[in-house]
Amino acid sequence: WVGSNDEGVQKIIPASEENPSSTQYYTTQNGLPNNSIRAFAEDRHHNIWIGTSSGIVYITPEGKFKTPKINGTEHQNLVLVSLLFKDTSDKIWMATSSFKGLYTLDEDTFNPVTMLDDFGDYIVSGMGQDSNGDIWIGLSEKGLVKFSNGKITKVESGTYLDNTPTYEVYGDKSGTIW
C-alpha cells in the first residue's frame, strides 16, 4: 500500500506463479475522502485503514470502502488524520492535527481519548509500544507520556526530551525505548 500527497493510494500486488504483478488505484473517484494520504494501518480482520487530510476510511478484504463514525466532531471531512497506530491488542489509535485529537476505535466508531485532558491543548506527534505493551505517546512540545495499566505518566528525563516533539517511538525486544 502506497499513499501519496495528492494522487491517492496504490495497492501493489506482487507477482506470483499464476499472476503478474499488478497495481490498483484508489482515489476520491472510487471511495477515498481525499487524495492526500497521511497514514495506514491494518486490523486483525485485514481491513486497511487509510487516514487522509479529510477523514478516514477503511477498505475491506472484499474491496468495499467503509467510513467509521468519529465522536466529538460534526464534520469528518474536516478531520486531518496525522497518524494511525495499531497496538498489540489490535486496538486502532487515530491522531489528528487538532488539539486533543487522539481517538481509539470501538466497534465502528472512533472515540476521543480523554485520559490526556490534564495536559491541556496537546497535539499527538508520535506513538509507539514497548515489549511490555505500554503505549508511548509524543505530545509535541509537551514531551512524552507513557500509558501503562490504565495510568498516564509524563516522562521526565531532565533533557530536551521533556519539551521537544517526539515524532517516532520504537520499543525494541529488549525493552529499550528509542
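Find the residue count for the range 129-165, including only residues that are over 23 Å from Asp90 (Cα atoms) and not charged (D, E, K, R).
Residues in the range 129-165 being over 23 Å from Asp90 (Cα atoms) and not charged (D, E, K, R): 11 in total.
Would you mind telling me which numbered condition in (1) more than 19 Å from Glu168 (Cβ to Cβ); (2) modelled with pLDDT of 95 or more Lys69 fails?
Failing condition for Lys69: (2).
What is the residue count in the range 162-178 for residues that are within 17 Å of the chain's Cα centre (by Cα) and of a type in the set (Val, Ile, Thr)?
Adding up the residues that qualify gives 2.
Give the residues of the range 142-168 that are in contact with a Ser or Thr (Cβ under 7 Å, 6 or more places away or on another chain) and open to solvent by 70 Å² or more (accessible area, probe 1.4 Å), sorted by residue number.
The answer is Tyr167, and nothing else.
Take Asn132 and tell me if it is open to solvent by 30 Å² or more (accessible area, probe 1.4 Å), over 21 Å from Gln10 (Cα atoms), in a loop (DSSP other than H, G, I, E, B) and of a type outside the set (Phe, Trp, Tyr).
In short, yes.
Looking at the range 68-119, which of the residues that are in contact (Cβ under 8 Å) with a residue 40 or more places away in the chain and at positive phi is least open to solvent (accessible area, probe 1.4 Å)?
Asp90
So in the range 135-161, with the set limited to residues that are of a type in the set (Val, Ile, Thr) and part of a loop (DSSP other than H, G, I, E, B), which one is nearest to the chain's Cα centre (by Cα)?
Val155
Out of curiosity, is Thr104 assigned to a strand (DSSP E or B), farther than 30 Å from Gln76 by Cα and at pLDDT 90 or above?
Spelling it out, it is not the case that Thr104 is assigned to a strand (DSSP E or B), farther than 30 Å from Gln76 by Cα and at pLDDT 90 or above.
Pick from the range 46-67 the residues that are open to solvent by less than 50 Å² (accessible area, probe 1.4 Å) and farther than 18 Å from Thr28 by Cβ: which of them is nearest to the chain's Cα centre (by Cα)?
Top of the filtered list is Asn47.
What pairs come out if I take residues in the range 23-47 that are within 16 Å of Leu105 (Cβ to Cβ) and pair them with residues that are assigned to a loop (DSSP other than H, G, I, E, B) and open to solvent by 90 Å² or more (accessible area, probe 1.4 Å) whose C-beta lies under 6 Å away, six or more apart or interchain?
Close Cβ pairs satisfying both conditions: Phe40/Trp1.
The values are calculated or read from the model by the stated rules, or taken from the named source; none is laboratory data. Remember, predicted model here, so these are calculated numbers, not experimental data. Cβ sites come from the backbone with ideal geometry, for glycine too, and all protein chains shown count toward neighbours. These accessible areas exclude ligands, DNA and RNA; they are computed on the full protein's heavy atoms, side chains included. Shrake-Rupley method; radii C 1.70, N 1.55, O 1.52, S 1.80 Å.
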